[in-house]
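All remarks here apply to the structure that follows.
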Amino acid sequence: MKVSEEKITVAGPVGQIDVIMERPDAPRGIALIAHPHPIGGGANTNKVAYTLARTFVSLGYAAFRPNFRGVGGTEGSHDDGIGETDDLLAVLHDAKLRCGDIPVALAGFSFGAYCQTRVAKQLEEGGHPAQRLVLVGTAAGFVEGTRQYDTEQVPHDTIVIHGSADETVPLDNVLAWAQPNDLPVVVVPGADHFFHRRLHLIRDIVTRAWRH
């Protein structure tokens, strides 16, 4: 499915949010995609975030990829996931105005995956739970150079994808987070944090799971 990227701005809690939108005609859902940590150079053009967006577009979803605070044209400064959660919710509200009240998929990579666990909790508490989550390279536990992540628990059908050779977020961190929740983790052998040369596997795993 050929859907062109469009740059839009959304009014957020502390200013404008810079968003890449890919919206097919009559989308079956909204996919909100969150990018990795800005301190590590994360932006909405990140290859994993791009792969997630293209995967959802191919499944008939409208994909929205905001830049976090201080990245690109997004105003504000980094807020350790608190303000970023508020911004993601603001983008989702705008997406529903554009696309209608259709199912919402939340997808994120690294710090973005951590933020999406917080978004999912707020949507659940508000009585409008997400359809499903996709979390790749999820920031959980102690991550060298950033901080300790107390990542929220997520529904049992969440698709959690992690590389066995992830040096940024060790696989053991994610297993320790997933274990109390009986949450399966799809481990990609040999994949590093950024899934170099293995991005197609993310697409395949998500596509297969969605079609079941």
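The values are calculated or read from the model by the stated rules, or taken from the named source; none is laboratory data. Fair warning: this is a prediction, and the values are worked out from it, not measured in the lab. All accessible areas refer to the heavy atoms of the entire protein, side chains included, with ligands and DNA or RNA removed. Shrake-Rupley method; radii C 1.70, N 1.55, O 1.52, S 1.80 Å.
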To the nearest Å², the heavy-atom accessible area per residue of the chain with 1.4 Å probe amounts to 44
Within the set Glu22, Glu152, Glu144, GNM on the chain using Cα springs under 10 Å gives the largest fluctuation to Glu144
Please report, ordered by residue number, every helix of the chain (full DSSP H runs) that is 20 Å or longer along its axis going by C-alpha atoms and whose mean Kyte-Doolittle hydropathy reaches 0.0. 82-99
With all protein chains modelled, accessible area of Arg203 [1.4 Å, Å²]: 110
Reachable lysines, given that their alpha-carbon falls under 24 Å from the alpha-carbon of Lys2 and they are not under 8 places away in the same chain: Lys47, Lys96
Length gained if Arg208 through Ile8 is fully extended, taking 0.36 nm per residue and subtracting the Cα-Cα distance, is 69.0 nm
Taking H placed 1.01 Å from N in the peptide plane, check which residues at least 5 places from Thr168 or on another chain put their amide H under 5 Å from its amide H. His193
Using the Karplus equation 6.51 cos²θ - 1.76 cosθ + 1.60 (θ = phi - 60°), what ³J(HN,Hα) coupling, rounded to whole Hz, does each residue of the stretch 10-21 give in order, writing x for Gly and Pro? 10, 6, x, x, 10, x, 6, 10, 8, 10, 9, 10
Roughly speaking, to the nearest percent, how much of the stretch 16-174's 1.4 Å accessible area is carbon and sulfur? 47
Given a 10 angstrom Cα cut-off, can you work out which residue in Val169, Val187, Val119 is the most mobile in a GNM of the chain? Val187
